[in-house]
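Novice: A single structure is presented below for examination.
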Amino acid sequence: MHTAPTHNTPPQTRAVVEELLRRIGAGDPERIAELYAEHGDWKLDWPEAEHGRTDTPWIRHRATRADAAAHYRELAAHHVPGQAGTEIERLLVDGDDAVVLGEIRQTARSTGRPYRARFALHLTVENGLVTRHHVYEDSLAVAQAFAPDGPAREA
């Protein structure tokens, strides 16, 4: 017996998230930010005391489209260009919500340390724009890569 899904999955949600992922991969902060609502709910699952540190300034909550562009600019400024990659393992969509599961590979510019961090990204799309951006990632891997006296990690 086949049971229909309980939620309607608008094709728009998947299309917007796939376009967002393409733009993030292309690395143009202004084009990425165009897909975010003017005001939204952007949270990173890191200890609050660690938000906005000088070695990881992109790690903090955001609230506007301009904040989204700033996030991607700061992220790029603190990583070595050409030494990054992202593997998307799953894109799950349910109504206006999507969850992206994967792994990022980056190299910290300040220390030269490469790292890998698993992540889950919870997005909500309303009226064709991202209104929720919640990130859950391996914060320890990122923090250790940027810590001046952190351990070397294999990437």
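Novice: Heavy atoms only, 1.4 Å probe, whole protein assembly: order HIS61, HIS133, HIS122 by accessible area, highest first. Walk me through the intermediate numbers first.
Specialist: Numbers: HIS61 70, HIS133 10, HIS122 45 Å².
Result, largest first: HIS61, HIS122, HIS133.
Novice: Taking the Cα-to-Cβ direction at ARG53 and at GLU87 and moving 7 Å from each Cα, how far apart do the two end points lie in nm?
Specialist: 2.6 nm
Novice: Accessible area, 1.4 Å probe, largest first: how do GLU50, GLU34 sort?
Specialist: From most exposed to least exposed: GLU34, GLU50.
Novice: Can you give the translational diffusion coefficient of segment 38-87 in µm²/s, computed by Stokes-Einstein from the Kirkwood radius over Cα pairs at 37 °C and 0.692 mPa s? Walk me through the intermediate numbers first.
Specialist: Numbers: Rh = 11.9 Å.
It comes out at roughly 276 µm²/s.
Novice: What ranking of HIS71, HIS39 comes out by heavy-atom accessible area, probe 1.4 Å, highest first?
Specialist: Working: HIS71 15, HIS39 135 Å².
Largest accessible area first, the list is HIS39, HIS71.
Novice: Round to the nearest 10 and report in Å² the accessible area of ARG118, as given by a 1.4 Å probe over the protein chains' heavy atoms.
Specialist: Rounded to the nearest 10, that gives 110 Å².
Novice: Bin width 5 Å, alpha-carbon pairs only: give the P(r) of segment 1-130 as whole percents, running from 0 to the bin holding the largest distance.
Specialist: P(r) over segment 1-130, rounded to whole percents: 2, 10, 17, 22, 22, 13, 7, 4, 2, 1, 0, 0.
The values are calculated or read from the model by the stated rules, or taken from the named source; none is laboratory data. Predicted model, so just to flag it, every value in this text is computed and none were measured. Please note: Cβ atoms are built from the backbone with ideal geometry, for glycine as well, and neighbour counts cover all protein chains shown. Heavy atoms of the whole protein, side chains included, go into the accessibility calculation; ligands, DNA and RNA do not. Shrake-Rupley method; radii C 1.70, N 1.55, O 1.52, S 1.80 Å.
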